[in-house]
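> My questions all concern the structure below.
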Amino acid sequence: MRLWIAVYLTQPSLDALNPLWSDEAAPAVAVLDHEQVVAVTPEARRLGVRPGMRKKSAGAVAPHASFIQRDAEREQQLLKAASLAMLQYTPDVAFGPEASLLLEVGPSLRAFGGPASLCRRIRRSMGELGCQSRLGMAPTALGAWLLAARATPGPRRVLRLPALVRNLGNIPCTLLPAARPHREWLEGIGCRTLAALLRLPRAGMQRRCGPDLLRSIDQAYGHHPEVFEWIRPPLDFSARIELLARIEHAPAVLTVARRLIQQLAGWLNAVQAAVCAVVLVLEHERGRHARPPTRLSIAPADPEWQPDHLLHLLKEHLGRLSLQAPVIAVGLQTDRLAPREPAPDDLFIEPGGEPAREGRLLDLLTARLGPGQVLAARPQADHRPEAANRWLPALGPFRSAATAENFSAERPFWLLQRPIPLVMREHRPYYGTPLRILRGPERIEAGWWDGSPISRDYFVAESEDKIRYWIYLDRSLKEPRWYLHGLYA
């Protein structure tokens with residue numbers, strides 16, 4: 001089944017300038033295009049400023065409001081960023097009419113839990129990008145776009161073609177881009193909806209309006225094929241956002257970084273890769289007071305591609321960062337990549353569909369406490385049991401390279417920090433009860449090179465209550481003596 005989602009940006013001119021201005025706490029700001037208001041923040045709207053007003057009229061209504069010129073280049077950058085982010089849901093993404101994106105999501109429905117769940121995910125990603133948008137879903141791309149672009153209430157998610165035909169009928173016909181050049185003629189003959197437009201004689205409409213309008217109608221209703229040029233991701237990922245206002249505190253960078261993380265997630269899904277390390281670049285003042293950028297490297301324990309975990313890690317790192325200068329631009333770059341692992345076939349799966357991974361816990365602990373506070377045991381080339389281990393940062397460079405040596409002899413799970421001397425009763429070592437030797441000896445003679453030589457015979461012993469111990473006979477003493485050195489789980 002072919003199914004499309006149209007993402008229609010309701011105020012791209014505002015979202016492109018500052019994602020925070022869509023918030024209720026944003027200041028009163030109006031965006032101008034040739035002295036005419038094209039977008040306003042909620043506070044400016046509360047003061048009476050409306051899109052379509054002239055600057056002088058808006059200034060009279062809200063004298064304390066700020067006016068900023070529309071930036072077409074920023075709008076285009078925002079749309080490209082949104083298209084890259086949408087690649088995490090489908091590889092088939094195309095630019096639609098005006099400020100919109102078209103996603104063919106039929107093959108993606110099952111992977112994301114159905115139409116409603118997929119729409120929620122896309123809406124959330126657009127919110128992370130700082131974009132205000134409406135979504136439409138339909139069996140045709142143009143039909144989905146019309147459902148999303150209309151400002152009037154009504155169903156926006158239609159899964160079957162007959163239902164789409166019913167819902168398109170009441171939509172204003174001039175919402176169709178191909179019909180806008182003929183607005184006056186259509187209004188003059190009383191044709192105001194798509195249903196009325198569909199009832200007009202096709203031959204006469206083609207002579208009057210040309211073939212484009214008829215083709216658009218047929219495409220919206222599923223009678224004519226739609227052809228698109230799909231968006232292709234770049235070979236390398238590097239994204240940057242220049243700020244209108246300086247950021248003084250590191251946690252505030254997270255709001256801007258959300259946009260970059262969403263773009264990275266879409267790019268990783270498109271190239272089927274995962275990141276081993278990413279670098280967040282915080283740019284500072286230029287010119288006379290120039291300072292070198294702050295580079296924050298983030299290396300997950302395992303190759304990662306999920307935006308939520310990357311954002312969580314970034315939040316922890318930024319919470320511990322003190323800015324030496326205000327931030328004027330934020331960039332994100334991939335440092336090392338790894339091929340995407342196939343979907344796991346674990347028996348026990350987390351509610352989100354991901355297998356439980358200890359690496360994510362290590363990531364968060366290390367980001368919160370610091371690398372020197374989260375340690376892991378790493379084997380060391382030494383036959384002496386007390387010297388065969390060292391404690392290193394859990395996410396250090398030795399994490400993947402260090403593997404325990406395959407010993408033929410058993411080793412206990414718990415090695416005592418200081419061996420306990422054992423008493424002898426009836427010529428047998430005693431610890432609570434007499435100990436019975438099960439296996440051994442394993443002779444270890446080592447340490448002569450660093451002045452701490454040992455000469456021991458190790459045995460696996462068992463008490464009368466079936467507890468197993470690792471004991472040894474110290475042969476380096478004048479009178480050999482037994483010691484308890486470890487316990488088996």
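> Cα centroid distance between the stretch 145-176 and the stretch 206-246, in Å?
18
> May I pose another question? For a quick check: with amide H placed at 1.01 Å from N, whose amide H comes under 5 Å from ARG439's, ignoring anything fewer than 5 positions away on the same chain?
Answer set, sorted by chain and number: VAL460.
> Taking a cut-off of 13 Å between Cα atoms, list the aspartates and glutamates near LYS55, but don't count ones fewer than 8 places away on the same chain.
Within the straight-line limit of under 13 Å, LYS55 reaches these aspartates and glutamates: ASP33, GLU35.
> What does the stretch 414-487 give for Rg and for Dmax, in Å, if only its C-alpha atoms count?
When restricted to Cα atoms, the stretch 414-487 yields Rg and Dmax of 12.5, 41 Å.
> Now a separate question. Between the stretch 411-443 and the stretch 19-93, what is the C-alpha centre distance in whole Å?
77
> Tilt of helix 211-220 relative to the longest C-alpha principal axis of the chain, in degrees (0 to 90, nearest 10)?
The answer is roughly 40 degrees.
> Could you work out [θ]222 nm for the chain from helices alone, using -39500 (n - 2.57) per DSSP H run of at least four and dividing by all its residues? Round to the nearest 500 deg cm²/dmol. Mind dumping the intermediate values first?
Numbers: 14 runs with 138 residues, N = 489.
Helix contribution divided over all residues of the chain: -8000 deg cm²/dmol.
> If you take every residue apart from GLU75 with its C-beta less than 11 Å away from the C-beta of GLU75, what net charge results, scoring Lys and Arg +1 and Asp and Glu -1? Could the numbers behind the result be given before it?
On the way: positive: ARG70, ARG74, LYS80; negative: ASP15, ASP33, ASP71, GLU73, GLU98.
Taking every other residue near GLU75 into account, the sum is -2.
> What is the dipole size for the stretch 241-367, taken about its Cα centre, with +1 at each Lys and Arg Cβ and -1 at each Asp and Glu Cβ, in debye to the nearest 20? Write down the numbers at each step before the final one.
Numbers: 13 positive and 16 negative charges, 161 e Å.
With Lys and Arg at +1 and Asp and Glu at -1, about 780 debye.
> Here is a further query. Calculate the dipole size of the chain relative to its Cα centre from +1 charges on Lys and Arg beta carbons and -1 charges on Asp and Glu beta carbons; express the result in debye to the nearest 20.
Details: 62 positive and 50 negative charges, 300 e Å.
Dipole magnitude for the chain comes out near 1440 debye.
> What is the local net charge at LEU32, summed over the other residues whose Cβ is closer than 9 Å to its Cβ (Lys, Arg +1; Asp, Glu -1)?
Working: positive: LYS55, ARG70; negative: ASP33, GLU35.
Cβ neighbours under 9 Å give a net charge of 0.
> Please report the antiparallel percentage of the DSSP beta bridges confined to the chain, to the nearest 5. List each step's numbers first, then the result.
Working: 78 of 83 bridges.
Bridges in the chain that DSSP calls antiparallel: roughly 95 percent.
> A further question on this structure: Could you give each residue of the stretch 420-431 its phi-based ³J(HN,Hα) in whole Hz, using Karplus coefficients 6.51, -1.76, 1.60 with θ = phi - 60°, and x for Gly or Pro?
9, x, 10, 8, 10, 9, 6, 6, 10, x, 10, 8
> Listing THR334, THR433 from the residue with the fewest other Cβ atoms within 10 Å to the one with the most, what is the order?
Sorted ascending by nearby Cβ count, the order is THR433, THR334.
> Something else about it: Fewest first, what order do SER133, SER66 take by the number of other Cβ atoms within 10 Å?
On the way: SER133 23, SER66 12.
Ordered by Cβ neighbours within 10 Å, fewest first: SER66, SER133.
> Next question, about the same structure. Quick one: give the max-minus-min coordinate of the C-alpha atoms of the chain along each principal axis, largest first, in Å.
That gives 116, 59, 37 Å along the principal axes, largest extent first.
> Note the angle between two axes, namely the Cα long axis of helix 253-271 and the longest principal axis of the Cα atoms of the chain, as a number of degrees from 0 to 90, rounded to the nearest 10.
Tilt relative to the chain: about 90 degrees.
> Still on this structure: Under the rule of at least 5 residues apart or a separate chain, name every residue whose amide H is placed under 5 Å from the amide H of ALA273.
Under 5 Å from the amide H of ALA273: ARG340.
> In degrees, nearest 10, range 0 to 90: what is the angle between the Cα axis of helix 307-319 and the longest Cα principal axis of the chain?
Rounded to the nearest ten degrees, it is 70.
> Now a separate question. List the GluC sites (Glu not before Pro) within the stretch 227-281 that DSSP assigns to loop and that have no more than 12 neighbouring Cβ atoms inside 10 Å.
Details: sites: GLU229, GLU242, GLU248; in loops: GLU229, GLU248.
Loop-located and lightly packed - GLU229, GLU248.
> Can you check what the net charge comes to around PRO234, using other residues whose Cβ is under 15 Å from the Cβ of PRO234 (Lys, Arg +1; Asp, Glu -1)?
Details: positive: LYS80, ARG232, ARG240; negative: ASP236.
That sum, taken over residues with Cβ under 15 Å, equals +2.
> Among THR10, LEU311, ILE298, whose Cα projects farthest towards the positive end of the dipole of the chain, with charges put on the beta-carbon of Lys, Arg (+1) and Asp, Glu (-1)?
THR10
> Name the longest site-free stretch of the chain, where the excluded sites are chymotrypsin sites (Phe, Trp or Tyr not before Pro) in a DSSP loop with no more than 15 other beta-carbon atoms within 10 Å.
Working: sites that count: PHE228, TRP230, PHE348, PHE398, PHE407, PHE413, TYR488.
So the longest stretch without any such site is 1-227.
> For LYS80, give me every one of the aspartates and glutamates with a C-alpha distance below 18 angstrom, ignoring sequence neighbours fewer than eight places off in its own chain.
Counting by Cα, and skipping residues close in sequence, LYS80 has these aspartates and glutamates nearby: ASP15, ASP71, ASP92, GLU98, GLU104, GLU128, GLU229, ASP236, GLU242.
> Would you be so kind as to identify which of PRO42, GLN69, ALA111 lies farthest towards the positive end of the dipole of the stretch 1-121, taking Lys and Arg as +1 and Asp and Glu as -1 on Cβ and the Cα centre as origin?
Value computed over the given set: PRO42.
Read-outs: derived from the displayed coordinates by stated rules, not from any lab. The shown structure was predicted, so the numbers you read here are calculated from the model rather than taken from an experiment. Using ideal geometry, Cβ is built from the backbone for each residue, glycine included, and neighbour counts are taken over all protein chains shown.
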